[in-house]
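The values are calculated or read from the model by the stated rules, or taken from the named source; none is laboratory data. Just so you know, these numbers come straight off a predicted model, no measurement behind them. Methodologically, a virtual Cβ is constructed for each residue, glycine included, from the backbone with ideal geometry; neighbour enumeration extends over all protein chains shown. Ligands, DNA and RNA are excluded from the accessible area calculation, which covers all protein heavy atoms including side chains. Shrake-Rupley method; radii C 1.70, N 1.55, O 1.52, S 1.80 Å.
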Amino acid sequence: MGKATGFMEIEREEAVQRDPLTRLSDWKEYSAPFSDEVMSRQGARCMDCGTPFCHIGMDINGATSGCPVYNLIPEWNDLVYKGKWKEALERLLSTNNFPEFTGRVCPAPCEGSCTVAISDPAVAIKNIEQAIIDKGFENGWITPRIPKKRTGKKVAIIGSGPAGMAAADQLNQAGHSVTVYERDDRAGGLLTYGIPNMKLDKEVVGRRIRLLEQEGVDFVLSTEVGKDISADALKEQYNSVILCTGAQKHRDLVIEGRDSQGVHYAMDYLKFATKSLLDSNFEDGNYIDAKGKDVIVIGGGDTGADCIATALRQGANSVVQFGKHPQLPTKRTASNMWPEFPQVFTLDYAHKEAKAKFGEDIRQYSIQTKKFVADETGKLKELHTVEMKKVQDENGMFVFEEIPGTEKVWPAQLVLIAIGFEGPEQPVLRQFGVDTFNRKVEAKYGDFRTNVKGVFAAGDSRRGQSLIVWAINEGREVAYAVDEYLMGSSLLPTVNAL
Ligand SMILES: Cc1cc2nc3c(=O)[nH]c(=O)nc-3n(C[C@H](O)[C@H](O)[C@H](O)COP(=O)(O)OP(=O)(O)OC[C@H]3O[C@@H](n4cnc5c(N)ncnc54)[C@H](O)[C@@H]3O)c2cc1C
Ligand code: SF4
């Protein structure tokens with residue numbers, strides 16, 4: 001274990017973040033490099049509690065508790081405390097293909113269920129994870145692992161997000177020839193064209209993709225399955241196909257004035273911004289610009305926060321974020337006890353930046369947009385809203401009800417709709433003939449088979465919009481299922497043996 005009395009003596013410390021106002025002038029990652037000493041002290045706080053909830057990886061009351069890839073957290077906490085970084089890296093990579101992603105952007109459900117967190121702030125698990133993998137790359141400990149033998153079996157993976165990448169990594173290591181098809185011009189899925197650069201540097205994603213290529217994974221980019229190559233062609237050419245197409249069908253806000261110029265989907269906004277940054281450092285002008293505009297982000301989640309951070313860097317005049325729900329409490333309530341994911345008020349990186357710039361939290365709670373209003377040229381000029389309250393209807397169900405007299409008009413020239421997704425895009429699924437349930441691909445977790453022989457599904461396309469760490473979990477697990485399908489048995493690691 002870490003230091004026996006560490007949890008009593010040492011306070012939680014996190015990686016230092018760059019000054020919010022300074023970092024608004026660039027697109028580099030907002031966190032600063034780690035110090036080994038701080039991480040070692042955090043490792044010392046782990047009490048190796050015997051029944052570590054930090055890696056239970058399960059849904060409790062609709063939210064994830066514990067680490068979904070079952071990272072061996074107490075083990076690597078102890079190794080980091082003792083300065084055994086290389087051994088810590090080996091333990092980390094035994095369960096997580098891409099800790100450099102999760103260490104940066106995972107919401108860390110492990111920390112919510114850390115036993116220290118029953119009474120004190122949790123061990124800084126996520127920071128330790130990032131420190132271990134970053135040190136591994138810096139010291140050259142991570143080198144291509146080229147499989148010694150090939151099985152002669154061919155697998156096609158559709159979609160190069162974290163689920164597709166994790167499945168590709170595992171199946172390649174099992175000796176199969178893996179081709180990943182991606183419709184975008186760069187691989188990575190939402191790691192590349194969703195999460196902005198200041199949260200996850202695209203060079204970190206590119207480094208991992210280059211490593212997979214060196215190990216033998218073939219990425220075919222700018223190729224949309226269903227359009228540029230048919231489902232039948234893939235079924236014929238490959239022994240197995242895995243659908244990792246994500247769940248990126250936009251949810252729209254169909255209200256009056258929706259067609260006003262200046263109302264966009266958040267995902268279009270984020271994708272164009274990152275693409276233009278990577279292609280030309282914004283020289284090409286191929287992005288939606290918030291400069292000088294009053295920006296309203298509709299949707300209180302992470303995608304909305306990423307829009308705020310992007311608009312601030314573009315020089316927006318003002319930014320406001322609308323959320324449907326009331327503000328969360330500052331402490332856990334009786335209905336949200338440990339080890340559940342803490343449903344408490346926090347300031348995300350983007351909210352800290354907005355507060356530093358405008359002097360206050362820019363979030364508006366319990367608010368609903370009623371209509372968009374454009375000027376005579378069709379350009380958006382304002383937004384009309386009303387406040388809402390949660391009430392119980394006659395059946396005891398909670399519903400939102402408008403509060404009369406709370407109508408408000410907001411000036412806005414740019415609105416970003418970030419109210420979630422409706423599941424995977426359907427055309428490619430139809431072409432494969434796979435069954436869907438609630439719009440998601442129907443394939444049981446642990447088995448991952450669709451109704452079509454040899455066709456499997458994993459990640460957000462099967463689960464719905466979720467987390468990177470769940471996508472990695474599903475990529476690893478579907479690889480086991482496919483390997484077993486192809487070879488009769490599998491030596492790949494799995495936590496869900498059939
Ligand atoms: C803006 C945003 C920010 C987020 N931030 C976080 C975060 O901070 N932390 C976190 O844990 N999670 C975050 N998430 C969620 C996380 O990114 C997803 O859960 C995860 O990426 C899902 O992985 P996936 O591989 O299943 O799908 P995706 O990452 O969606 O990848 C699917 C890929 O399939 C490709 N594709 C689809 N159809 C075809 C086709 N027919 N042919 C070829 N290619 C195709 C797509 O282009 C895409 O590249 C965020 C999501 C969004 C939208
Ligand atoms: S992947 Fe996420 S849940 Fe797992 S240890 Fe890392 S930060 Fe925690």
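Might you let me know whether the stretch 70-77 holds any residue that is in contact (Cβ under 8 Å) with a residue 24 or more places away in the chain, within 16 Å of ligand 1 (Cβ to nearest atom), buried (at least 21 other Cβ atoms within 10 Å of the Cβ) and not assigned by TED's automatic domain parsing to the domain that holds residue 335? Within the stretch 70-77, one or more residues are in contact (Cβ under 8 Å) with a residue 24 or more places away in the chain, within 16 Å of ligand 1 (Cβ to nearest atom), buried (at least 21 other Cβ atoms within 10 Å of the Cβ) and not assigned by TED's automatic domain parsing to the domain that holds residue 335. The selection criterion, being over 30 Å from residue 51 (Cβ atoms) and surrounded by fewer than 24 Cβ atoms within 10 Å (Cβ to Cβ), does not hold for residue 171.
Residue check: is residue 14 closer than 18 Å to residue 101 by Cα, open to solvent by 30 Å² or more (accessible area, probe 1.4 Å) and out of contact with any Asp or Glu (no Cβ under 7 Å at 6 or more places or on another chain)? So residue 14 fits the description; yes. With the structure loaded, tell me whether residue 304 is away from ligand 2 (no atom under 16 Å from the Cβ), part of a helix (DSSP H, G or I) and crowded, with 21+ Cβ neighbours inside 10 Å or whether it fails that test. So residue 304 fits the description; yes. Within the stretch 129-157, being away from ligand 2 (no atom under 16 Å from the Cβ) and either part of a helix (DSSP H, G or I) or open to solvent by less than 10 Å² (accessible area, probe 1.4 Å) (or both) holds for 137, 138, 155, 156, 157. Can we say residue 270 is open to solvent by 10 Å² or more (accessible area, probe 1.4 Å), of a type outside the set (Val, Ile, Thr) and closer than 30 Å to residue 158 by Cα? Criteria not met by residue 270. Of everything listed in (1) at pLDDT below 95; (2) out of contact with any helix residue (DSSP H, G or I) (no Cβ under 6 Å at 6 or more places or on another chain); (3) open to solvent by 10 Å² or more (accessible area, probe 1.4 Å), the single unmet condition for residue 49 is (2). Can you spot a residue in the stretch 279-292 that is out of contact with any Phe, Trp or Tyr (no Cβ under 8 Å at 6 or more places or on another chain), open to solvent by 20 Å² or more (accessible area, probe 1.4 Å), within 27 Å of residue 373 (Cβ to Cβ) and not in a loop (DSSP other than H, G, I, E, B)? Among the residues of the stretch 279-292, not one is out of contact with any Phe, Trp or Tyr (no Cβ under 8 Å at 6 or more places or on another chain), open to solvent by 20 Å² or more (accessible area, probe 1.4 Å), within 27 Å of residue 373 (Cβ to Cβ) and not in a loop (DSSP other than H, G, I, E, B), which makes the answer no. Considering the stretch 355-390, the residues that are open to solvent by 40 Å² or more (accessible area, probe 1.4 Å) and of a type in the set (S, T, N, Q) include one that is farthest from the chain's Cα centre (by Cα), namely 377.
Residues that are within 16 Å of ligand 2 (Cβ to nearest atom) and of a type in the set (A, V, I, L, M, F, W, C): which helices (runs of 4 or more DSSP H) entirely in the stretch 3-99 hold 1 or more of them?
Of the helices (runs of 4 or more DSSP H) lying wholly inside the stretch 3-99, those with at least 1 residues that are within 16 Å of ligand 2 (Cβ to nearest atom) and of a type in the set (A, V, I, L, M, F, W, C) span 36-45, 73-81, 85-93.
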